[in-house]
Amino acid sequence: MRGLLDSHCHLDDPRYVDREGVERRRLEAGVRVLVPGVRPWEFDRLRHDGGARGWLIGLGFHPQFIPSGLMEFPFQLLGKILRHESAGAQAIGECGLHRPNPTPMPDQLALLRLHAEAARKHDLPIVLHCVRCHHILPGFLAEFIARNGPIRGVIHSYSGGAGLVPVYEKLGLHLSFGGLITWPTATRPIAALRAVRPDRLLLETDGPDQPPYLPPPPDLPQLQRADLVDRRADRSRVAQSEPSMLPMIAAKAAELRSVALPEFLEQLDANAAALGW
Ligand SMILES: [Zn+2]
């Protein structure tokens, strides 16, 4: 088996102050990572870092990072990049829909369409973000697929509830879950996690966001351990998630799905391989 894949972590996020430490712990934990791009003007740097550090990368424009009043610019830039330059990328995204958002929904949908077209053109999986838009996304995808043909990919940090799981599976998508499932109060994501078909499940840290409830790994340096504890919340909560925490999230997910961990890890590896990751 290859290393466990963290299917969504923003390792290039400047909030990671000790990036070398984060990378060292990731490698020690044997975790592979997909780093989705969120701003087109950062693609060259992401390609460079991805190549140098062995990350899988995605090229995308996150719906929360669209500069207000500048729709024409991202369209031109992104269109150019996605139509001609997928080199070095293993995914298209992060892209998708987000509410509330100053960018109007028709513009968000137009940008999402551009990504979906690029995913088909380059035969790459799409990495989808969907927050408070699960009443819109399935219809959009169904119509896109009917007109253009199938797409493959993942809805990251799935928040759509257990009822919509089979709908997205039927659309050909994988569903990915992060640190939220480790929270004892997270009944909705846990119910969704349990509803996913074994062959459509992926895991992620969504680092540096979505910190797990689990305590930080014991090998974190003492000072940093103290820094990581979010004192506003439960003492066992860490302030930032990172790829080295994925094995803990995987163990919790296996427990919640009542499957043996070795068998679960094999399945996750096969699921990632099915997307070319
Ligand atoms: Zn993301």
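The values are calculated or read from the model by the stated rules, or taken from the named source; none is laboratory data. The model shown is predicted, which means the values in this text are computed figures rather than measured ones. All Cβ positions, even for glycine, are placed from backbone atoms using ideal geometry, and neighbour counts span all protein chains on display.
Give the residue that is farthest from the ligand (Cβ to nearest atom), with candidates limited to residues of the stretch 1-18 that are of a type in the set (D, E, K, R) and under 22 Å from Gly93 (Cβ atoms). Spell out the reasoning first.
So the first thing to find is which residues in the stretch 1-18 are of a type in the set (D, E, K, R), and the list is 2, 6, 12-13, 15, 18.
Going one step further and asking which of them are under 22 Å from Gly93 (Cβ atoms), we end up with 2, 6, 12-13, 15.
Details: Arg2: 22, Asp6: 12, Asp12: 11, Asp13: 9, Arg15: 12 Å.
Once the filter is applied, the top-ranked residue is Arg2.
Do any residues in the stretch 126-140 that are assigned to a helix (DSSP H, G or I) have Cβ atoms under 6 Å from those of residues that are β-branched (Val, Ile, Thr), where the two are at least six apart or on different chains, and which pairs are they?
Pro138/Val167
So Leu97 passes all but one of these: (1) surrounded by 22 or more Cβ atoms within 10 Å (Cβ to Cβ); (2) at pLDDT 95 or above; (3) assigned to a helix (DSSP H, G or I). Which condition number does it fail?
The number of the failed condition is (3).
Which of the residues belonging to the stretch 58-67 are under 17 Å from the mean Cα position of the chain (by Cα) and either surrounded by fewer than 23 Cβ atoms within 10 Å (Cβ to Cβ) or more than 22 Å from Ser157 (Cα to Cα) (or both)? Don't jump to the end; show me each part of the working.
Step one: of the stretch 58-67, the residues under 17 Å from the mean Cα position of the chain (by Cα) are 58-65.
Within the stretch 58-67, His62, Gln64, Phe65 meet the criteria.
What are the residues in the stretch 168-213 that are of a type in the set (Asp, Glu), part of a helix (DSSP H, G or I) and in contact with a Leu (Cβ under 8 Å, 6 or more places away or on another chain), if any? Steps first, answer last, please.
Within the stretch 168-213, the subset of a type in the set (Asp, Glu) is 169, 199, 204, 206, 209.
Next, from what is left, pick out any that are part of a helix (DSSP H, G or I): 169, 199.
If the condition is that a residue be of a type in the set (Asp, Glu), part of a helix (DSSP H, G or I) and in contact with a Leu (Cβ under 8 Å, 6 or more places away or on another chain), then Glu169 is the only one that fits.
Identify the residue in the stretch 157-167 that is under 21 Å from Gly93 (Cβ atoms) and not in a helix (DSSP H, G or I) and, among all such residues, is farthest from the ligand (Cβ to nearest atom). Don't jump to the end; show me each part of the working.
Step one: of the stretch 157-167, the residues under 21 Å from Gly93 (Cβ atoms) are 157-160, 164-165, 167.
From what is left, the residues that are not in a helix (DSSP H, G or I) are 157-160.
On the way: Ser157: 7, Tyr158: 13, Ser159: 13, Gly160: 16 Å.
Top of the filtered list is Gly160.
Picking from Leu56, Leu141, which residue would you name as being among the hydrophobic types (A, V, I, L, M, F, W, C), closer than 24 Å to Leu34 by Cβ, at pLDDT 90 or above and within 16 Å of the ligand (Cβ to nearest atom)?
Just one listed residue meets the conditions, Leu56.
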